[in-house]
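Here the structure comes first, spelled out in structure tokens, and everything after it is commentary.
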């Protein structure tokens, strides 16, 4: 980074620190410490975890200071305490806020000192600063997933809009086969699972210019897509029978009028043209089969993205039909636990980012990953098929 770029990055980090801490202010102590969804830790845990991770890497790993106690390492390292046990270990909201605010202020001073020295390997190309910024960004998006769960039951509904369905657009863009580059190049902040970049050969395929809309998904719902076994994989059908879901997670029934949409800032009128989200991989696959298509492989998605063929990117995460895997030559960095535990054959890749994704994460090579049955994210889909 140039000196001005580094100043911008430090200002950005301070902004992310403030944003994260501010989310505690609007909720009472019980709300902050409760687990509101099986896949989401309490709001207070995420805020404390962000401050812990920054402090651990900056001051314990780089500077060698003994700043954090054993209870902090137990509570805020995900591998040490499962989600269900995190609420019991959290301090009162006011105590947590004071601890986080103190750490953040101390860290802002420490950043300037270590960056001026620059001797530690983690500081090369300002890697650690980029890493911590992206970590805050990812947890801010997760916190927005959590805020979606906190909409009051008596929230005033918006003006009603008739939920109109529409047939999926079958006009997919043909992409010629040939060599393509995948992975992130020339970005010191790239995560280990984006590396090393390489060239590979792709056969011809076709991909939709836009992600599937609410109106298009509504047509699937009204056509009985959730009741038709032939549209679902065996695993997906078993999941559907077990959960009995019948619509995307963030669609809210509006009496006989249709549907409302829940987002991090409240309830909204049904928007037919907006990309659908709140889908599991099972639902995305079933819709694609109903539409006579399939989901793209993440390499196809990235090739089309880099060729400028994808529109409306960054509004929903888009499911890809392949498991999260290491690229040839993968090297875990800066620690084994960021990517390696999830190369387990049960996590699938999502690409593109959502409307709640911070700019630092919006790059073509960024790989998100979740299990097939998870749908609390801002996740939708884009159709693809074999060429011809």
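The values are calculated or read from the model by the stated rules, or taken from the named source; none is laboratory data. Computed from a prediction, not measured in an experiment: that's the story for all the values here. In this analysis, Cβ positions are derived from the backbone assuming ideal geometry, glycine residues included, and neighbour counts consider all displayed protein chains.
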Can residue 167 be described as over 27 Å from the mean Cα position of the chain (by Cα) and part of a loop (DSSP other than H, G, I, E, B)? yes
Would you please name the residue that is surrounded by the fewest Cβ atoms within 10 Å (Cβ to Cβ), looking only at residues in region 245-258 that are modelled with pLDDT under 90 and assigned to a loop (DSSP other than H, G, I, E, B)? 256
Scanning region 194-226 residue by residue, those more than 22 Å from residue 277 (Cβ to Cβ) and either more than 25 Å from the chain's Cα centre (by Cα) or not in a strand (DSSP E or B) (or both) turn out to be 194, 195, 196, 197, 199, 200, 201, 202, 203, 204, 205, 206
Identify the single condition in (1) out of contact with any strand residue (DSSP E or B) (no Cβ under 9 Å at 6 or more places or on another chain); (2) within 28 Å of residue 267 (Cβ to Cβ); (3) surrounded by fewer than 19 Cβ atoms within 10 Å (Cβ to Cβ); (4) at pLDDT 95 or above that residue 150 does not satisfy, given that it satisfies every other one. (4)
Of all residues in region 259-269 being assigned to a strand (DSSP E or B) and touching a helix residue (DSSP H, G or I) at 6+ places or on another chain (Cβ under 7 Å), which is surrounded by the most Cβ atoms within 10 Å (Cβ to Cβ)? 262
Given the criterion out of contact with any helix residue (DSSP H, G or I) (no Cβ under 8 Å at 6 or more places or on another chain), buried (at least 16 other Cβ atoms within 10 Å of the Cβ) and closer than 20 Å to residue 361 by Cβ, identify the matching residue among 311, 315, 306. 315
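Yes/no per residue for (1) touching a residue at least 40 places away in the same chain (Cβ under 8 Å); (2) in a helix (DSSP H, G or I):
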{"position": "80", "(1), (2)": "no, no"}
{"position": "86", "(1), (2)": "yes, yes"}
{"position": "116", "(1), (2)": "no, yes"}
{"position": "126", "(1), (2)": "yes, yes"}
{"position": "131", "(1), (2)": "yes, yes"}
Take residue 183 and decide whether it is modelled with pLDDT under 95 and in contact with a strand residue (DSSP E or B) (Cβ under 8 Å, 6 or more places away or on another chain). no
I'd like to know if region 285-302 contains one or more residues that are over 30 Å from residue 178 (Cβ atoms) and crowded, with 21+ Cβ neighbours inside 10 Å. yes
Part of a loop (DSSP other than H, G, I, E, B), in contact with a helix residue (DSSP H, G or I) (Cβ under 8 Å, 6 or more places away or on another chain) and crowded, with 19+ Cβ neighbours inside 10 Å: does that describe residue 272? no
Checked region 14-35 for anything under 16 Å from residue 141 (Cβ atoms) and assigned to a loop (DSSP other than H, G, I, E, B); matches are 23
Consider residue 23 against the criteria (1) surrounded by fewer than 18 Cβ atoms within 10 Å (Cβ to Cβ); (2) modelled with pLDDT under 95: it satisfies all of them except one. Which criterion is unmet? (1)
Which pairs do you get when a residue that is part of a loop (DSSP other than H, G, I, E, B), found in region 153-164, comes within reach of a residue that is loosely packed, with under 10 Cβ neighbours inside 10 Å and at pLDDT 75 or above, reach meaning Cβ atoms under 9 angstrom, with the pair 6+ apart or on two chains? 160/255
Please tell me if residue 362 is under 26 Å from residue 271 (Cβ atoms), surrounded by fewer than 16 Cβ atoms within 10 Å (Cβ to Cβ) and modelled with pLDDT of 95 or more. yes
If I filter region 62-69 for residues that are assigned by TED's automatic domain parsing to the domain that holds residue 146, touching a residue at least 24 places away in the same chain (Cβ under 8 Å), out of contact with any strand residue (DSSP E or B) (no Cβ under 7 Å at 6 or more places or on another chain) and within 30 Å of residue 278 (Cα to Cα), do I get at least one hit? no
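Residue-wise test of (1) without any contact (Cβ under 8 Å) to a residue 40 or more places away in the chain; (2) outside the structural domain of residue 248 (by TED's automatic domain parsing); (3) touching a strand residue (DSSP E or B) at 6+ places or on another chain (Cβ under 9 Å).
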{"site": "350", "(1), (2), (3)": "yes, no, yes"}
{"site": "357", "(1), (2), (3)": "no, no, yes"}
{"site": "362", "(1), (2), (3)": "no, no, no"}
{"site": "365", "(1), (2), (3)": "no, no, yes"}
{"site": "368", "(1), (2), (3)": "no, no, yes"}
{"site": "372", "(1), (2), (3)": "no, no, yes"}
{"site": "375", "(1), (2), (3)": "no, no, no"}
{"site": "379", "(1), (2), (3)": "no, no, yes"}
Got a sec? Which of 70, 66 is over 26 Å from the mean Cα position of the chain (by Cα), modelled with pLDDT under 95 and under 23 Å from residue 336 (Cα atoms)? 66
